[in-house]
Amino acid sequence: MTKYHIQGGKPLRGSITISGAKNAAVAIIPAALLVDGVCRIENIPQISDVTLILQILQELGADIRTVNRTTVDIDCSHIRNRQVPYELARKIRASYYLVGALLGRFGWAEVPLPGGCDLGGRPIDQHVKGFVSMGADVDVRSGLICAKVPGGRLAGGQVYLDMVSVGATMNIMLAAVLADGMTIIENAAKEPHIVDLANFLNSMGANIMGAGTDVIKIRGVKQLRGGAYSIIPDQIEAGTYMAAVAAAGGDVLIQNVIPKHLDCITAKLVEMGVEVEELDDAVRVRRSGPISRTNVKTMPYPGFPTDMQPQIAAVLCLANGTSVLTEGVWDSRYRYVDEFRRMGAHIQVDGKVAVIEGVPALTGAPVHACDLRAGAAMVIAGLAAQGVTEVDGIYHIERGYENLVGKLAGVGADIRTITVPDEDAKSQAG
Ligand code: EPU
């Protein structure tokens with residue numbers, strides 16, 4: 001078993017370069033299924049979720065060529081297999097994008113129900129509602145989402161999402177680009193990766209209007225052609241390092257970001273006494289004084305992102321005074337709180353609300369990364385804590401953060417990956 005070993009208490013200084021956005025990449029790569037010809041996709045993050053989705057495409061018959069560390073060419077002209085392998089699909093949430101892409105391209109899809117982080121119920125009824133509005137028959141049986149269009153080609157539809165859903169917005173967009181006629185998505189999500197997917201598809205010949213607003217209109221086209229596209233920088237990866245500087249202190253230039261995408265995170269950090277300077281494609285984050293308490297409520301973009309909730313909680317654990325954190329997106333995103341308590345944090349959770357009473361210092365402890373963002377939060381707490389923290393369950397973190405250890409070590413953190421014999425791991429898990 002591998003773990004992260006962190007000797008805390010060292011301020012961070014230097015610069016970190018942000019990779020491509022995970023939640024854009026895992027939708028844009030399946031979108032290549034809709035394209036006749038070669039898609040060159042640049043700024044792909046090196047994370048295990050991306051490796052999995054590329055592997056799935058390869059199993060379906062896509063021709064994938066690595067151009068360099070962050071660029072691949074994908075050619076889906078000769079897809080021969082439309083059965084998505086269960087063992088791969090169940091490991092990743094984004095496998096549901098294969099339903100929209102396969103249905104749009106071939107009028108038929110059978111995809112195992114997706115996996116991903118356990119954040120409470122993760123229904124897909126809004127995705128299904130969208131496909132049905134375009135004329136598909138959709139059935140969930142034997143662990144599979146089975147979708148079929150009787151005439152072979154979807155027809156434009158109109159769908160009002162009952163809640164703002166990133167996944168449903170992107171999936172319906174994928175299904176609609178080759179449909180016959182206009183599809184309208186109302187109450188659509190507005191996250192930067194929604195706009196990125198629309199820009200990717202438009203650059204290949206799709207006709208999508210309004211991405212980034214709550215009404216998206218997609219006029220179906222006959223065919224998408226190949227081209228080249230570069231994925232946007234990862235808003236949440238950048239926010240995670242901003243939170244790390246806020247917690248551990250120091251002065252770090254975070255490069256290759258779109259500062260506008262970070263506004264919702266910057267605003268809260270500034271309220272907490274962190275200095276954030278916006279540059280063209282970078283932010284400089286500094287913190288030397290005390291951390292002020294604040295309240296945070298997560299909401300769909302442009303609200304404060306739920307995917308930054310555990311990381312901001314790590315910072316608030318060290319604030320002067322009591323903060324209230326409200327989760328506005330997921331039913332259950334506080335499973336990590338017990339791990340923080342092991343480090344001396346004072347947190348009470350009642351449903352979707354966590355009350356965090358700041359403490360002067362956290363103390364290092366063995367902790368578990370129970371999901372991707374909770375894992376990042378454990379690392380942040382470890383960087384700020386006195387003593388040694390060991391984080392296990394790091395495969396969750398490696399699903400979404402490229403070279404986390406290298407990037408943090410590059411700004412002076414004392415963090416390394418260690419391997420412990422499985423026997424030790426078992427007795428600790430006992
Ligand atoms: N929802 C439904 N029905 C649906 C779809 C969603 O009830 O058909 C509910 C969900 O239960 C949730 C809310 O709507 O309460 C929002 O869910 P959404 O569909 O937006 O989430 P998602 O698409 O499954 C993506 C990200 C998550 C991120 C959320 C919210 C990917 C692969 N995942 O999930 O990212 O938390 O949007 O921004 O893009 C992460 O990266 O750590 C992560 C969990």
Report the charge-dipole magnitude of segment 28-115 in Debye, nearest 20, computed about the Cα centre from +1 at each Lys and Arg Cβ and -1 at each Asp and Glu Cβ.
140
3J(HN,Hα) from dihedral phi, segment 94-103, Karplus parametrisation 6.51/-1.76/1.60, rounded to Hz, x for glycine, proline
5, 4, 5, 5, 5, 5, x, 5, 5, 5
At 7 Å along the Cα-to-beta-carbon direction for both GLU186 and ASP338, put a label point, then send me their distance in nm to one decimal.
4.4
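Which of rounded, prolate or oblate describes segment 22-230 when judged by the alpha-carbon gyration tensor and an a/c cut-off of 1.5? Present the calculation step by step, with values, prior to reporting the outcome.
Working: a/c = 1.28, a/b = 1.15, b/c = 1.12.
Verdict is rounded for segment 22-230.
For MET299 and GLU87 in the same chain, what is the full-extension length gain: residue separation times 0.36 nm, less their Cα-Cα distance, in nm? Please list the in-between numbers first.
On the way: separation 212, 0.36 × 212 = 76.32 nm, distance 3.24 nm.
Roughly 73.1 nm would be gained on extension.
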At what distance in nm do the modelled label points of ARG122 and ASP139 sit from each other, each positioned 7 Å from its Cα along Cα→Cβ?
2.6
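Taking the Cα centre of segment 22-230 as origin, sum charge times position over the Cβ atoms of Lys and Arg (+1) and Asp and Glu (-1), and report the length of that vector in debye to the nearest 20.
Working: 20 positive and 19 negative charges, 51 e Å.
It works out to roughly 240 debye.
Rank by packing, highest mean first: peptides 81-90, 323-332, 400-409, with packing defined as the count of other Cβ atoms within 10 Å averaged across residues. Don't skip to the answer; put the middle values down first.
Numbers: 81-90: 15.5, 323-332: 17.7, 400-409: 20.8.
Those peptides, ordered most packed to least, come out 400-409, 323-332, 81-90.
Tell me, what is a quarter of the convex hull surface for the C-alpha atoms of segment 49-112, in nm² with one decimal? Walk me through the intermediate numbers first.
Details: hull surface 16.6 nm².
Result: a mean projected hull area of 4.1 nm².
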Compute the relative contact order of the chain as a whole-number percentage, counting only Cα pairs closer than 8 Å that sit 6 or more residues apart in sequence.
21
If I compute solvent accessible area with a 1.4 Å probe over the protein chains, what percent of it on the chain is carbon and sulfur?
48
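Sum -39500 (n - 2.57) across every DSSP H segment of at least 4 residues in the chain, then divide by the residue count to get the 222 nm mean residue ellipticity, nearest 500.
Details: 15 runs with 138 residues, N = 430.
So the helix-based figure for the chain works out to -9000 deg cm²/dmol.
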Could you calculate the contour length gain from VAL355 to THR322, that is, 0.36 nm times the residue separation minus the distance between their Cα atoms, to one decimal place in nm?
11.2 nm
Would you give the gap between the C-alpha center of segment 1-41 and the C-alpha center of segment 274-327, rounded to a whole Å?
21
Rolling a 1.4 Å sphere over the protein heavy atoms, what is the accessible area per residue of the chain, to the nearest Å²?
38
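Rounded if a/c is under 1.5, else prolate if a/b beats b/c, else oblate: with a ≥ b ≥ c from the C-alpha gyration tensor eigenvalues square-rooted, which is the chain?
Details: a/c = 1.83, a/b = 1.74, b/c = 1.05.
Verdict is prolate for the chain.
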In nanometres, what is the gap between the two model label sites at LYS222 and ASP63, each 7 Å from Cα along Cα-to-Cβ?
2.4
Restricting to segment 139-235, compute how many DSSP beta bridges are antiparallel as a %, nearest 5.
70
Mind ordering 235-243, 134-142 by average Cβ neighbours within 10 Å, highest first?
235-243, 134-142
With x for Gly and Pro, the residue-by-residue ³J(HN,Hα) of segment 215-222, computed from phi through the Karplus equation 6.51 cos²θ - 1.76 cosθ + 1.60 at θ = phi - 60° and given in whole Hz, is 10, 10, 10, 10, 8, x, 10, 6
Is segment 181-220 rounded, prolate or oblate when judged by the Cα gyration tensor, a ≥ b ≥ c being the square roots of its eigenvalues, rounded requiring a/c under 1.5 and prolate requiring a/b larger than b/c?
oblate
Calc'd 3J(HN,Hα), segment 135-149, phi into Karplus 6.51 cos²θ - 1.76 cosθ + 1.60 (θ = phi - 60°), Hz, glycine/Pro = x, comes to x, 8, 9, 10, 9, 10, 8, 6, x, 10, 9, 10, 10, 8, 10
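Can you tell me the alpha carbon radius of gyration of segment 328-430 divided by the globular rule-of-thumb value 2.2 N^0.38 Å?
On the way: Rg = 14.2 Å, N = 103, 2.2 N^0.38 = 12.8 Å.
Output field value: 1.11.
The values are calculated or read from the model by the stated rules, or taken from the named source; none is laboratory data. Keep in mind that what you see is a predicted model, and the values were worked out from it rather than measured. Note: ideal-geometry Cβ built from the backbone for every residue, glycine included; neighbour counts use all protein chains shown. All accessible areas refer to the heavy atoms of the entire protein, side chains included, with ligands and DNA or RNA removed. Shrake-Rupley method; radii C 1.70, N 1.55, O 1.52, S 1.80 Å.
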